[in-house]
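The values are calculated or read from the model by the stated rules, or taken from the named source; none is laboratory data. Everything numeric in this text was worked out from a predicted model, so none of it was measured. Don't worry about glycine lacking a Cβ; one is built from the backbone with ideal geometry, like all the others, and counts go over all protein chains shown. Calculation scope for accessible area: heavy atoms of the full protein, side chains included, ligands and nucleic acids excluded. Shrake-Rupley method; radii C 1.70, N 1.55, O 1.52, S 1.80 Å.
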Amino acid sequence: MAKKSTTPKKTKSIEETLWDSANKLRGTVESSEYKHVVLGLIFLKFTSDKFQERKQEIIDEGKEKFVDMVEFYTMKNVFYLPEESRWSYIIQNAKQADIALKIDTALFTIEKNNPSLKGALPDNYFSRLNMDVSKLSALLDTINNIDTIKDKEQDIVGRVYEYFLSKFAIAEGKGKGEFYTPKSIVNLIAEMIEPYRGKIYDPACGSGGMFVQSVKFIESHKGNTKDISVYGQEYTNTTYKLAKMNLAIRGIAANLGAVAADTFGRDQHPDLKADFIMANPPFNQKDWRAKDELLDDPRWRGYDVPPTSNANYGWILNMVSKLSENGIAGFLLANGALSGGGEEYKIRKKLIENNLVEAIVILPQNMFYTTNISVTLWILNNNKTERTVSKGIEDRNYRNRKDEVLFMDLRQKGEPFEKKYIQFNEAQIKDFAKTYHNWQCHPELVEGSYKNIPEYCYSSTKEEISKKDYSLVPSKYIEFVNRDENIDFDTKMKGLQNDIGNLLKEESKSKTELLNVFKELGYDIEL
């Protein structure tokens, strides 16, 4: 009789269950469309759960006659839903042939009645996909079992969003998942630039992940999320809608511009001065402007015009032009931007001479789902002078570091993630941010003052950078430890001699034992 397994059966998370269910859509829906189906339905379920919760509150308060007054919902940042937009109505009709049309109608009605969602929700989307009704119905059943507001501490909808965005980024492979920046990198940027209050801007905001993490940072450090305002821009229309949904679900008010648009060709925030900029613009974007376009753009004022061959320095100058007087920017670029020639060299030299470059942090390979290259986190700071700034529950006593740049090398840091990827854990992120903040501040006013550490960090002067022809490649400054030169040859050889000797003895012993076995069996082996 077979023994019953004592190993507890692994319970699937909500995200995994939903992913498996959504996977069944394959074959009827193009994978590029797939995420919009799932995330659109999650949005519908969440807004409906919130609506029902608020409706019950109104009833519990003895105000039942007001349950259909829109103002009683908007006062609590809840979307009022007419009957045809409620999840219960969708589920009642889930097996009907026109369910796709009913979902489209529900989303259209929500958007029409809530101005903050204008342009955010899919328009006549589900009907156009011509999905198999039974597969769509099965997905609706799976989502129906998710109570999106059961555990308010867990932010289930946010988790599902992040999980799906990351899974889609993996599934879509190289070159198609530009919108998703791994969470641990976003966390690192937030912990380093500390966006507590003021205007936050992302010129290539994708699904809005930088903003979500900024709000989480403020909440985790006991700040007030009402102290920030969010500005972003996104080129791809479907991703622009995704960002609006993502932010609406989390109650984050944001100005993403009137339409999805190219940041260079149609700047949605021309007069913006931001206190914090967080960005992960497309890497090494070619032909981002025609040869005779944007030559007099005010964003390059004081610098050379960025070359048409690569948008990296176009992104940098776009962000520099939007920094407030005390503004700080943390953004990612491919490593080539650290040492490029031509106009890039001239712009980089001027950025350094203008005391804008504060830190250059090189990241490990394999952190992104869409590329395995090593990229760099740049931190530009418009005010590197001595001053004291309140950062939530503590003050930062900054020293004057106008002529200095901090280099950090994190290429050997991180931990494995999803088998072939690397991510930073929470403790590592805190440690990296502490190194940076300690370097920024007066040493006598911080716990554990900054010091240069070989293969990790180095504080360079502007003069040193000038002598290295304005290259910002960290390995030109951070001390490299040549471990080979400290090895004693004789000691090493004696160790090898011992190891090899033991191996040969083991081999001889095994050989003798094998010969004896055959001899005892009457099959003596003559060598």
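What does DSSP give for the chain in terms of the percent of beta bridges that are antiparallel, rounded to the nearest 5?
On the way: 27 of 46 bridges.
Around 60 percent of the beta bridges assigned by DSSP in the chain are antiparallel ones.
For region 272-308, which trypsin sites (Lys or Arg not before Pro) pass both filters: DSSP loop (anything but H, G, I, E, B) and at most 11 other C-beta atoms within 10 Å? Spell out each step's value before the answer.
Values: sites: Lys273, Lys286, Arg289, Lys291, Arg299, Arg301; in loops: Lys273, Lys286, Arg289, Lys291, Arg301.
When the trypsin sites (Lys or Arg not before Pro) of region 272-308 are filtered for loop state and at most 11 Cβ neighbours within 10 Å, Lys286, Lys291, Arg301 remain.
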At 1.4 Å probe size, with the rest of the protein present, what percent of the exposed accessible area of region 368-446 is carbon and sulfur atoms?
44 percent
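What FRET efficiency, computed as 1/(1 + (r/R0)^6) with R0 = 41 Å and r the Cβ-Cβ distance, is obtained for Asp141 and Ser309, rounded to the nearest 0.05?
On the way: r = 52 Å, r/R0 = 1.26.
The calculated FRET efficiency here is 0.20.
Between Lys291 and Thr238, what is the FRET efficiency for a Förster distance of 25 Å, r being their Cβ-Cβ separation, to the nearest 0.05? Intermediate results must be reported in sequence, preceding the final value.
Details: r = 30 Å, r/R0 = 1.20.
My answer for the efficiency is 0.25.
Could you look at region 56-138 and say what percent of its accessible area is carbon and sulfur, using a 1.4 Å probe and all protein chains? Display every interim value, and only then the final one.
Numbers: 2420 of 4720 Å².
Taking all protein chains in place, region 56-138 shows 51 percent carbon and sulfur surface.
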For region 453-527, rounded, prolate or oblate, judged on the Cα gyration tensor with a ≥ b ≥ c (square roots of eigenvalues), a/c < 1.5 rounded, else prolate if a/b > b/c?
prolate
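Shape verdict for the chain, please, from the Cα gyration tensor: rounded (a/c under 1.5), prolate (a/b greater than b/c) or oblate.
Values: a/c = 1.99, a/b = 1.17, b/c = 1.71.
Note, shape of the chain comes out oblate.
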Long-range HN-HN contacts of Ala274 with modeled amide H, under 5 Å
Leu323, Ser324
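With every protein chain present, what is the per residue accessible area of the chain (1.4 Å probe, Å²)?
Working: 27120 Å² over 527 residues.
Roughly 51 Å² per residue, with all protein chains present.
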Please give the solvent-accessible surface of Leu504 in Å², to the nearest 10, using a probe radius of 1.4 Å with every protein chain present.
100 Å²
What does the charge count around Asp287 come to, taking other residues whose C-beta lies under 14 Å from its C-beta (Lys +1, Arg +1, Asp -1, Glu -1)?
0
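Carbon and sulfur: what percent of region 263-312's accessible surface (1.4 Å probe)? Don't skip to the answer; put the middle values down first.
Details: 1170 of 2630 Å².
Roughly 45 percent, rounded to a whole number.
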Between region 245-273 and region 52-97, the alpha-carbon center distance in angstrom:
29 Å
Taking 8 Å as the Cα distance limit and 6 or more residues as the minimum spacing, I'd like the relative contact order of the chain as a percentage.
10 percent
Skipping prolines and chain starts, which residues have an amide H placed within reach, meaning under 5 Å, of the one on Phe417, given they are 5 or more residues away or on another chain?
Ile422, Gln423
At R0 = 60 Å, how high is the FRET efficiency between Ile59 and Glu16 if r is their beta carbon distance? Nearest 0.05 is fine.
0.95
Given the protein chains as shown and a 1.4 Å probe, how many square angstrom of Phe489 are accessible, to the nearest 10?
150 Å²
Cα gyration tensor shape for region 303-411, rounded if a/c is under 1.5, else prolate or oblate:
oblate
Under the Karplus relation 6.51 cos²θ - 1.76 cosθ + 1.60, θ = phi - 60°, what is the ordered set of whole-Hz ³J(HN,Hα) values for region 382-398, x standing for Gly and Pro?
7, 9, 9, 7, 5, 5, 10, 10, 6, 10, x, 8, 9, 9, 10, 9, 6
